[in-house]
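Since the structure comes first, as structure tokens, the remarks are kept for the end.
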Amino acid sequence: MEYVSVAYLSKTFGLQGAFKAVSMTDYPNLRFKKGRKFYLVDEKTGDSKEVTLASFRDNGQVYLLRFEEITSIDEAEKFLKRVVNMDKTDAPMPKDSYRFADLIGCKVVDQAGAVQGTVTDVLEYAPTKSLRVHREGEKDFFVPFVDKFVLEIDIEKKQIVIEVVEGMK
């Protein structure tokens, strides 16, 4: 099964075992449905607990989540700092959208079609995201993930067309 990360459990909330969770998805109302299964994953140990969503409230970048299997603050504290994952097949995307993970491995070409490298990471630093592009035998370079530089993304072809400007590489 392939998973998608949708939130990070940052704090407990109340005495009933609810959590404050940091958003990791652009589509919370598509992801967080009452009765849906999620997996609370400890990224250090790999431990995972399957849970069922009992309630969800969206407060912007922070969500309030409660799971049927966790009913007290004492139980909830055991799952703090875990990532909330869901089965990728249960996480549909709106038409013409993609996940940042889908960009990894894409070939990066300039407007003339010359290969510039391959995306190895999507970095999420303020104020914008950037693509890390690896070139064989050369230093990696970074492309700001904005329309001015990223001209076209074709997930099917695994190709990204960029505008190369002086000093980028």
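Where a number appears in this text, it was derived from the coordinates with a stated rule and is not lab data. Since this is a predicted model, take the numbers as computed values, not measurements. Quick reminder, even Gly has a Cβ in these numbers, built from the backbone with ideal geometry, and neighbours come from all protein chains shown.
Label separation (D147 vs L123): 2.5 nm, computed from points 7 Å beyond Cα along the C-beta direction. Once you order the gyration tensor axes a ≥ b ≥ c over the Cα atoms, which shape class does the stretch 3-90 get: rounded for a/c under 1.5, otherwise prolate or oblate by comparing a/b with b/c? Rounded is the answer for the stretch 3-90, as its axis ratio a/c remains below 1.5. Is the chain rounded, prolate or oblate when judged by the Cα gyration tensor, a ≥ b ≥ c being the square roots of its eigenvalues, rounded requiring a/c under 1.5 and prolate requiring a/b larger than b/c? The shape class here is prolate. Here the chain is assigned +1 on the Cβ of each Lys and Arg and -1 on the Cβ of each Asp and Glu. Its dipole about the Cα centre then comes out at about 440 debye. Mean residue ellipticity at 222 nm, helices only, the chain: -1000 deg cm²/dmol; runs of at least 4 DSSP H residues each add -39,500 (n - 2.57), and the sum is divided by the number of residues.
Go through K33/K78; K44/K139; K81/K129; K11/K37; K44/K81 and tell me which ones have a Cα-Cα distance over 18 Å in this structure.
Check vs 18 Å cut-off fails for K33/K78; K44/K139; K81/K129; K11/K37.
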